[in-house]
Structures are given as structure tokens and as C-alpha cells.
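**Q** Okay, handing you the structure first.
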């Protein structure tokens, strides 16, 4: 029997709540970041975790993958990594006397691209088609990637040694850019005590199946977005393109991502409709990494987040 719309929404919300609670058994004091990471998964968008080493970026990605019963692969990006190491290559099989394609680690449902900006642009570009079209084209053939498909990438700040900046086309493929930051004293105490007898990540078990996740993803598209909220979203996008402090504003792909992310956040919160706060809460994480500030802002120490905070403050929020 098909559940009523609201009952189905609440069941999906409870299911996603279990995933969030499971991840928070490992990541302490970062509820907002964990929630938005789940929003990225639900919206079928990729997530970029950017912060200094040791703040839990890789742990968050692994905890999210362990909480869902899906295939998982980790790629450690280094300066000598080649595109074939990511997507795969054909190898000659002497027994069959023919070349056979060996899939690379990108052929998984959740892929951890660890320290993505430590590999040169040539290897970074191997992810462009994978992330945008969820398929791989190589040696004259196109191969579909499994669904759902999510790339969770980590990167260190660009002023660290041995890093390469991600090009704008690569950044635009990420739905969300999130930062963990240092934990507060109470949370850090819990981190230390939780690892006395081993890492808590090793004890995590899946709380959501791949089929259940697919049902949640399908439910996202049924979340209603009122015309007033859609106009608010469009005004935010347009404001980035008019802002004098920005060299490049947001793309239409960014707008589509913000729309879908707002639907996903509403579902996580147990609603089958969006409210203005969904868009407002997601605007910076979804849009800040896609804009390019004017050179004088970067030299003055103003980040894209700072600029967008000021730009969005002048956009009226609908009631």
C-alpha cells in the first residue's frame, strides 16, 4: 500500500535522521556540517570538504559511506597519479588474446577523492565527465557509473605546500563546499576519549540500504517549491552577477544545484515543501566556491563567503 505523501516524507526523514545520528557517533560537535553532507548525498550532488589537515575531513567521508550499504572506494590523490589510475585502462589478457577493460576506483557508488588538490590538473580533469554525467568515456567507449554516485573530495588550503588550485570548471561540479573547523573543547574531549580502545569508525554499521537511499532520492523531486521561494533563489543568483566585487557570478548549474539542495534539506527536516530558510541556509555552501572575487578583494583578505554575505544581505527574504 502506498503511504500518503506526508507519511512518506516523515518516514524518509526518520531514515535520514538515522544516517545523521550514525555519522555523529564519529564526528562530534559538527551537526550542521554532517547534515549538509547528507543533503549533498540526497540531492545527488558532490561534496568538497576543505580544511587544514587533521580536522576530520576523511573521517566524515568514510563515516557517511559506512552508514549506507553501498560500494565505496578511496583514491589517494598524489602528484604522480595518472588519469588511468582513476578511471581504469585496458589490459591485454593472454588467455583470451584480447584487451579487457579494468575498471578504476571511480566505479563505485561513493568515492572518496582524498586530497584532490595534491594532484596535477591533468588528473583532476579525469573527474569532470564522471561528476557531471556519471559516466566514463575512454578508448572509444562510454561506460555508465553505478547509481547513486557521489564524489566526496577533501582538499587542503591552497597556501599549503604541494597543492594545485582546482579550476573553476572542477569547482562548479561540486554541489557543496563544507568546512569542519576545529572542535570546541567539549567535542574535542569526546574525540580523545572515543579513541581510547580503538577508532569508533571501525564499529560503524550501515543503517540505510542502497534501495532505501534510492527511494529517498526519488522523494526529493516531489518536494514543493513555491513561486515566491523560486523568485528569491533567482534573485540571489542574479545578485552575484551584478555584484561589483565579483569577477564571475554563479552559473545556471549553481542555481539548479541550490534548487535541488533546498528540496533535499526540506526532506531532511521532515517537510514536503520548502521554506525561505532552506535557500538562505544553503546559499553560501552551494554558491561561494563557484564565484570568483575581483583581484583587489583577494589581496585585501576578503573571501568569497564574506562578499556573498554582504551581497545577500540586500536581497529581501520572502515571508
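**Q** Which residues, counting only those in the stretch 132-148, are touching a helix residue (DSSP H, G or I) at 6+ places or on another chain (Cβ under 8 Å), under 21 Å from residue 89 (Cβ atoms) and in contact (Cβ under 8 Å) with a residue 12 or more places away in the chain?
**A** 136, 138, 145
**Q** Residues to consider are 286, 317; find the one that is closer than 23 Å to residue 49 by Cβ and in contact with a helix residue (DSSP H, G or I) (Cβ under 7 Å, 6 or more places away or on another chain).
**A** So the residue among 286, 317 that is closer than 23 Å to residue 49 by Cβ and in contact with a helix residue (DSSP H, G or I) (Cβ under 7 Å, 6 or more places away or on another chain) is 286.
**Q** Among 267, 213, 258, which is the only one that is under 21 Å from residue 179 (Cα atoms) and crowded, with 19+ Cβ neighbours inside 10 Å?
**A** Sole residue among the options that is under 21 Å from residue 179 (Cα atoms) and crowded, with 19+ Cβ neighbours inside 10 Å: 258.
**Q** Are any residues in the stretch 234-287 in contact (Cβ under 8 Å) with a residue 40 or more places away in the chain, more than 18 Å from residue 37 (Cα to Cα) and under 18 Å from the mean Cα position of the chain (by Cα), and if so, which ones?
**A** 250, 251, 253
**Q** Oh, and also: Within the stretch 238-251, how many residues are within 15 Å of residue 45 (Cβ to Cβ) and surrounded by fewer than 19 Cβ atoms within 10 Å (Cβ to Cβ)?
**A** Number satisfying all stated conditions: 1.
**Q** Now for a separate question. Among strands (runs of 3 or more DSSP E) lying entirely in the stretch 1-112, which contain 1 or more residues that are free of Cβ contacts under 8 Å to residues at least 24 places away in the same chain and assigned by TED's automatic domain parsing to the domain that holds residue 208?
**A** 88-93, 98-103
**Q** Now for a separate question. Given the conditions (1) out of contact with any strand residue (DSSP E or B) (no Cβ under 7 Å at 6 or more places or on another chain); (2) surrounded by 13 or more Cβ atoms within 10 Å (Cβ to Cβ), report the number of the one that residue 195 does not fulfil.
**A** Of everything listed in (1) out of contact with any strand residue (DSSP E or B) (no Cβ under 7 Å at 6 or more places or on another chain); (2) surrounded by 13 or more Cβ atoms within 10 Å (Cβ to Cβ), residue 195 misses just condition (2).
**Q** Does the stretch 155-174 include one or more residues that are in the same structural domain as residue 50 (by TED's automatic domain parsing) and within 16 Å of residue 74 (Cβ to Cβ)?
**A** Yes, that holds for at least one residue.
**Q** Of (1) more than 20 Å from residue 169 (Cα to Cα); (2) touching a strand residue (DSSP E or B) at 6+ places or on another chain (Cβ under 9 Å); (3) not in a loop (DSSP other than H, G, I, E, B), residue 302 satisfies all except one. Which?
**A** Condition not satisfied by residue 302: (3).
**Q** Another question about this same structure. Assess whether residue 285 counts as being in contact with a strand residue (DSSP E or B) (Cβ under 6 Å, 6 or more places away or on another chain) and either in a strand (DSSP E or B) or not assigned by TED's automatic domain parsing to the domain that holds residue 132 (or both).
**A** yes
**Q** For residue 117, state whether it is buried (at least 22 other Cβ atoms within 10 Å of the Cβ), free of Cβ contacts under 8 Å to residues at least 60 places away in the same chain, within 20 Å of the chain's Cα centre (by Cα) and not in a strand (DSSP E or B).
**A** The answer is yes for residue 117.
**Q** Kindly indicate the residue of the stretch 125-148 that is under 16 Å from the mean Cα position of the chain (by Cα) and buried (at least 21 other Cβ atoms within 10 Å of the Cβ) and also nearest to residue 76 (Cα to Cα) among those meeting that condition.
**A** Among residues in the stretch 125-148 that are under 16 Å from the mean Cα position of the chain (by Cα) and buried (at least 21 other Cβ atoms within 10 Å of the Cβ), the one nearest to residue 76 (Cα to Cα) is 127.
The values are calculated or read from the model by the stated rules, or taken from the named source; none is laboratory data. Values in this document were obtained by computation on a predicted structure and should not be read as measured data. Every residue, glycine as well, gets a Cβ built from its backbone with ideal geometry; the counts of neighbours run over all protein chains shown.
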